[in-house]
Amino acid sequence: TQLLEQSPQFLSIQEGENLTVYCNSSSVFSSLQWYRQEPGEGPVLLVTVVTGGEVKKLKRLTFQFGDARKDSSLHITAAQPGDTGLYLCAVNAGGTSYGKLTFGQGTILTVHP
Amino acid sequence: ETGVTQSPTHLIKTRGQQVTLRCSSQSGHNTVSWYQQALGQGPQFIFQYYREEENGRGNFPPRFSGLQFPNYSSELNVNALELDDSALYLCASSLVSSGSKTQYFGPGTRLLVL
């Protein structure tokens, strides 16, 4: 059983469409991170959410942490081909220590021009 | 500021062989974590090194071992390679004392075991 369940696993959309990716768990976390990974590269941190109910925006990307700090969502408005990549949510598995991340299985997003 | 670099970029080995992968951490970073990423999956934590000591390990067998050197660079060694070891191996560096929890990932080494 995965600690973090991401859905959907695959998403193929046209440029200009909106989309939401979900990251769910039955566990409570002190913080949660979202990464984007492009082919041939390592994951790049997009955002860290720490407070239940928190909403953070990064240009066309909106991240929300659930009130109970068990789940999170990533919403992209007016997707562009440059948004194509693997989107990963992650939490620190080591409690107060960090750098020992547990990742979800990822959502592969393809945005067609 | 130099980012995280890894070598080699690609590697092909046969079952039973041994492999060493290398990682140079971002300048000033004292912690290195290694991850295995199977195709289409999220990375899985292998272990972390801090000040040349192993500082936590994921669910990987002892044939996965590592080292960290005084300049904070690191090696991942895998003995008795198995077909399922084929994956992208990522290292990530961070600075423990900075208060920031950001890890910076390298581009990875893609290992194929035949």
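At 7 Å along the Cα-to-beta-carbon direction for both residue A:62 and residue B:27, put a label point, then send me their distance in nm to one decimal. Going by the 7 Å Cα→Cβ label model, 4.0 nm. Restricting the GluC sites (Glu not before Pro) of segment B:1-78 to loop positions (DSSP other than H, G, I, E, B) with no more than 10 neighbouring Cβ atoms within 10 Å leaves B:1. Under 5 Å from the amide H of residue A:46 lie the amide H atoms of A:34, A:35, A:36, each residue being 5 or more positions distant or on a separate chain, with H modelled from the backbone and absent for Pro and chain starts. Before anything else, pin down the relative contact order of chain B: Cα pairs under 8 Å, at least 6 apart, normalised by residue count, whole percent. It rounds to 36 percent for chain B. What lysines does residue A:70 reach when the alpha-carbon gap must be under 22 Å and sequence neighbours fewer than 8 apart in one chain are set aside? Cross-link targets: A:56, A:57, A:100, B:101.
Annotation note: trypsin sites (Lys or Arg not before Pro) in segment A:3-95 located in DSSP loop regions with a Cβ neighbour count of at most 14 within 10 Å are A:59, A:60.
For the protein assembly as shown, a Kirkwood radius taken over Cα pairs fed into Stokes-Einstein (20 °C, viscosity 1.002 mPa s) yields D = 119 µm²/s. Scanning chain B for trypsin sites (Lys or Arg not before Pro) that sit in a DSSP loop and have at most 14 other Cβ atoms within 10 Å, the longest stretch containing none of them is B:64-114.
Across peptide B:5-11, the average count of Cβ atoms from other chains found within 10 Å of a residue's Cβ is 0. With the alpha-carbon atoms of chain A aligned to their principal axes, the span from lowest to highest coordinate is 43, 29, 24 Å, starting with the largest.
From the alpha carbon centroid of segment B:55-114 to that of segment B:1-38 is 6 Å. Legend: mean number of C-beta atoms from other chains within 10 angstrom of residue C-beta atoms, peptide A:31-43, equals 4.
Readers should treat all values here as calculations from the given coordinates under stated rules, not as data from a laboratory. This structure is a prediction, so every number in the text was calculated from the model and none was measured. Note: ideal-geometry Cβ built from the backbone for every residue, glycine included; neighbour counts use all protein chains shown.
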